[in-house]
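Inspection log for the structure reproduced underneath, given as C-alpha cells.
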Amino acid sequence: MIKSIVTLLAASAVALAANSQPMPAEYAQVLKTLGKQGDFKANVLKVNIPRNDLKVSVDGVATPTAFGFGGWLAMTKGDLGDMMMGDLVLTQDEVNPVMSALLDNGLEVTALHNHFFFEEPRIFYMHVMGHGTPAELARRVQPALALIGHVPSTRPASNTSAASPLSGQLNTAKIAQIVGHEGELNGSVYKITVGRDELRLKDMGATINSRMGLNTWAAFYGSDQNAVIAGDVAMLESEVQPVLKALRSHNLDVVAIHHHMTGTRPVIIFLHYWGKGPAESLANGFRAALDETGKTGISAKAR
C-alpha cells in the first residue's frame with residue numbers, strides 16, 4: 001500500500017515537472033509587449049485574450065467568458081523560427097478592421113466563422129497564422145489586438161422594419177466591362193458567375209464544375225451611385241491571402257472563410273464578402289479579387 005502511494009506520488013511529480021517549464025525570456029517579452037497574461041507548457045507559449053469586456057447571451061442565456069469567448073494566441077519553435085497560431089473572438093464591427101491590421105502586418109487570416117446561433121452581440125472567430133521571431137510576431141500582431149474592444153459600432157440597433165429597398169438602375173454593361181465577364185439580370189439584381197472549371201476537380205470520378213458550385217460570383221443591386229454587392233470567391237489555398245488583401249484594399253467586407261466540400265484535391269476554400277458604395281467601385285473590388293485567382297478572362301490592360 002505504501003509502495004503504491006509512493007509510486008503514485010512519484011508519477012505525479014514527474015507529470016507536474018513535465019507540465020511546468022520555465023518561461024523563456026523571449027516569450028516573457030512577448031507577454032510584456034502585448035500586455036497579456038499567459039503560460040508556457042509543452043514548449044508552447046499560450047497568450048490569453050479573453051473578452052471580459054463583452055456581456056454575451058446565447059439564446060437568452062447570460063453566459064460567462066469561459067463558456068466560449070476566450071481568444072488566444074500560441075507560439076512554438078519550428079525549423080525556421082517560431083510559428084504563431086491563434087483564434088480571436090470578435091464582434092461584427094471588429095472583424096474587418098482587425099483583419100486589415102493582421103494582413104497589413106504580414107500575418108495570415110486562415111478562417112472566419114461563428115460558434116453559436118442566437119447570440120447577442122453576434123460573435124465571430126478569426127484564425128490567424130504567422131512565422132518569425134517571437135519579437136517580430138508580437139510586434140506584427142499587436143496592432144490587431146489593440147483594436148479588440150475599441151472599434152465603435154457604426155450601425156444602429158437592428159430594426160428590419162426600418163429597412164427599405166434601393167431604387168434606381170445599374171449600368172450592367174459598365175459592370176461587365178470592369179469585371180471582364182457578362183452577367184445575368186434577375187429582376188433588379190445583376191449577377192456575374194465565373195466558373196473555376198480549369199481546376200478539373202473530381203470526387204469519386206464525378207466532375208465538379210461551375211454548375212456543381214465550383215465558381216466565383218458577385219451579385220449587384222441598387223443604382224450606379226448607391227449599390228450593394230455580395231458574393232463568394234472559390235480559391236486555391238495559395239490564393240486566399242492575396243484575395244483577402246484585394247477585397248480589403250477596396251473596402252469590401254469579408255464575412256466568412258470556409259470550405260464547401262471535403263475529400264477533394266486540390267483543396268478549395270470559399271470566401272463570402274459584402275460591400276456598399278458606387279457600383280463602379282464595387283465592381284473594381286470584385287475584379288481585383290478575380291485578378292488574384294487567375295480567372296479574369298481579360299488582361300488588366302484591357303480593362
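The values are calculated or read from the model by the stated rules, or taken from the named source; none is laboratory data. All of these numbers come straight from a predicted model, not from anything done at the bench. FYI the Cβ positions are ideal-geometry reconstructions off the backbone, even for glycines, and counts take in every protein chain you see.
Restrict the check to region 198-214 and report whether at least one residue is touching a residue at least 12 places away in the same chain (Cβ under 8 Å), assigned to a loop (DSSP other than H, G, I, E, B) and either crowded, with 18+ Cβ neighbours inside 10 Å or basic (Lys, Arg) (or both). Yes, some residue in region 198-214 is touching a residue at least 12 places away in the same chain (Cβ under 8 Å), assigned to a loop (DSSP other than H, G, I, E, B) and either crowded, with 18+ Cβ neighbours inside 10 Å or basic (Lys, Arg) (or both). Applying the criterion of being within 27 Å of the chain's Cα centre (by Cα) and of a type in the set (Ser, Thr, Tyr) to the residues of region 182-233, the residue that is nearest to Ser281 (Cα to Cα) is Tyr221.
Among residues of region 158-187 being among the aliphatic types (A, V, I, L, M) and either at pLDDT below 90 or assigned to a loop (DSSP other than H, G, I, E, B) (or both), the one that is farthest from Ile229 (Cα to Cα) is Ala162. For region 262-303, a residue qualifies if it is farther than 21 Å from Ile178 by Cβ and either at pLDDT below 90 or assigned by TED's automatic domain parsing to the domain that holds Val109 (or both), and the qualifying residues are Thr262, Gly263, Thr264, Arg265.
Considering (1) touching a Gly at 6+ places or on another chain (Cβ under 8 Å); (2) without any contact (Cβ under 8 Å) to a residue 60 or more places away in the chain, the lone condition that Phe67 does not fulfil carries the number (1). If the condition is being surrounded by fewer than 19 Cβ atoms within 10 Å (Cβ to Cβ), outside any strand (DSSP E or B) and modelled with pLDDT of 95 or more, then region 245-261 contributes Lys245, Ser249, Asn251.
Residues of region 39-64 that are under 13 Å from Pro121 (Cα atoms) and either β-branched (Val, Ile, Thr) or not in a loop (DSSP other than H, G, I, E, B) (or both): Val56, Ser57, Val58, Val61, Ala62, Thr63.
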